Every structure is written in structure tokens, then in C-alpha cells.
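Asks: Got a structure for you, questions after.
What follows draws every value from the coordinates through simple rules; no lab data is involved. All of these numbers come straight from a predicted model, not from anything done at the bench. Quick reminder, even Gly has a Cβ in these numbers, built from the backbone with ideal geometry, and neighbours come from all protein chains shown.
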Amino acid sequence: MKGMPSIEQEIQQSTFRSPAHRTQVNIIYTAAWINQRTTQALRPYGLSIQQFNILRILRGRNGKPATIKLLTERMLDKMSNASRLVDKLKEKGYVMRQECEADRRRVDIVITEAGLDVVGKASEAVEAAMIQNFQNLEEEDFDQLSTMLDRLRG
């Protein structure tokens, strides 16, 4: 572990009720640590993690529009208000709202050229942060950790 501080050292708590409790605290702490570092990487682009997530979803649709419902279903943070996030991205010129031709009640969300540009640059910054975040792991650790997290969610 190359002298990395343990969760006990990080939060200055010497004991936990059980190994499961220690693991839960460690996951929560580590997720917050990753989010802080990702937030720092996104700061120069004026994007929150949730806004970045919306732009990544839209970019992945390759020009096909998305509904608020689809964005909500695909977002990593299920507690986010996708409609409010889209409004903020629209104010910045990164997305457009369009009335659906086939169903006038439906509103389609489309990424703009400015949105594609900012998400491309922000993605490079987040990728660089990710490489730094995970520098203490070996190549074989990634699949093992992902598999364990998948099992945890059952």
C-alpha cells in the first residue's frame, strides 16, 4: 500500500463496529474524496459533476435528442434534478430545448457545439484527475474492485 493512510488515520477513528461498518465508511469517504477531486477538475469549466454528467450523456447520444426522463434514468446521481440542471446548461449555451415534432407535449434536449466543446475539454481534465486518483492501484486491481462493488449492490 506504499504508506497510504488507512481510513482509521484519515478520519481519526481507531475502531469500527465491524469490518462491514469499516468498509461502508471507507466507501463513503473515498466517494467523497473522488468527488472533491473531480469537482476541482471541473471548476475551470464552470461545471458541476451533475452538469458534466448530463453533457456526457447527451454527447454519447451522437446528436439524437434526449428527454428529461431519459437523462434522469441515466444520471449517476439519481437525486439530481435533471430539469433544473438542463436549465442551467441552457443558460450557459451548452444545450437547447426543442419541442418534439412527433409529440408536442414532449421536450427534447440537444447538446450544442459549445456544449460539445466544453464537455470535450472538461473530459480531458477529469481523465487526468482520474489517472492521478487511481495512481496507487495496479492494473489488476481495477477489475477486482469493480467486480466487488457490483457484488455489493447485488
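Asks: Taking GluC sites (Glu not before Pro) as candidate sites, keep only those in a DSSP loop with at most 10 other Cβ atoms within 10 Å, then name the longest stretch of the chain containing none of them.
Replies: 1-100
Asks: State, as an integer percentage, the relative contact order of the chain based on alpha-carbon contacts under 8 Å between residues 6 or more apart.
Replies: The value is 22 percent.
Asks: Filter the DSSP H helices in the chain by two things, a Kyte-Doolittle mean of at least 0.0 and an axial alpha-carbon span of 18 angstrom or more, and list the hits by number.
Replies: 113-133
Asks: What does the net charge come to around A66 if you take all other residues with beta carbon closer than 9 Å to its beta carbon, with K and R at +1 and D and E at -1?
Replies: The answer is +3.
Asks: Report, ordered by chain and residue number, the lysines lying within cross-link reach of K78, taken as a straight Cα distance under 28 Å and ignoring same-chain residues fewer than 8 apart.
Replies: K64, K69, K88, K90, K92, K121
Asks: Please say if the range 1-53 is rounded, prolate or oblate, where rounded means a/c under 1.5 for a ≥ b ≥ c the square roots of the C-alpha gyration tensor eigenvalues, and otherwise the choice is prolate for a/b larger than b/c and oblate otherwise?
Replies: prolate
Asks: Net charge within 14 Å of R56 by Cβ-Cβ distance, Lys/Arg positive one each and Asp/Glu negative one each, not counting R56 itself?
Replies: Within the 14 Å Cβ shell, the charges total 0.
Asks: OK, next. Could you tell me the ratio Rg/Rh of the chain? Both radii from Cα atoms, Rh via Kirkwood.
Replies: 1.06
Asks: Using the count of nearby Cβ atoms within 10 Å as a rough guide to exposure, how do I131, I34, I11 rank from fewest to most?
Replies: With the sparsest Cβ surroundings first, the list reads I131, I11, I34.
Asks: Kindly put Y94, Y45 in sequence by how many other C-beta atoms sit within 10 Å of each C-beta, fewest to most.
Replies: Y45, Y94
Asks: Quick check on the exposure proxy: order V110, V86 from fewest to most C-beta atoms within 10 angstrom.
Replies: With the sparsest Cβ surroundings first, the list reads V110, V86.
Asks: Let me ask another. Relative to a virtual label point 7 Å from the Cα of T67 in the Cα→beta-carbon direction, which members of the range 95-133 show backbone nitrogen distances below 19 Å?
Replies: Only 96-111 fall inside the zone, counting backbone N under 19 Å.
Asks: Can you give the helix-only mean residue ellipticity at 222 nm for the chain, where every DSSP H stretch with n ≥ 4 adds -39500 (n - 2.57) and the sum goes over all residues, rounded to the nearest 500 deg cm²/dmol?
Replies: Per the formula, -19500 deg cm²/dmol.
Asks: Under a point-charge model restricted to the Cβ atoms of Lys and Arg (+1) and Asp and Glu (-1), what is the dipole moment magnitude of the range 85-154 relative to its Cα centre, in debye to the nearest 20?
Replies: That gives the range 85-154 a dipole magnitude of about 620 debye.
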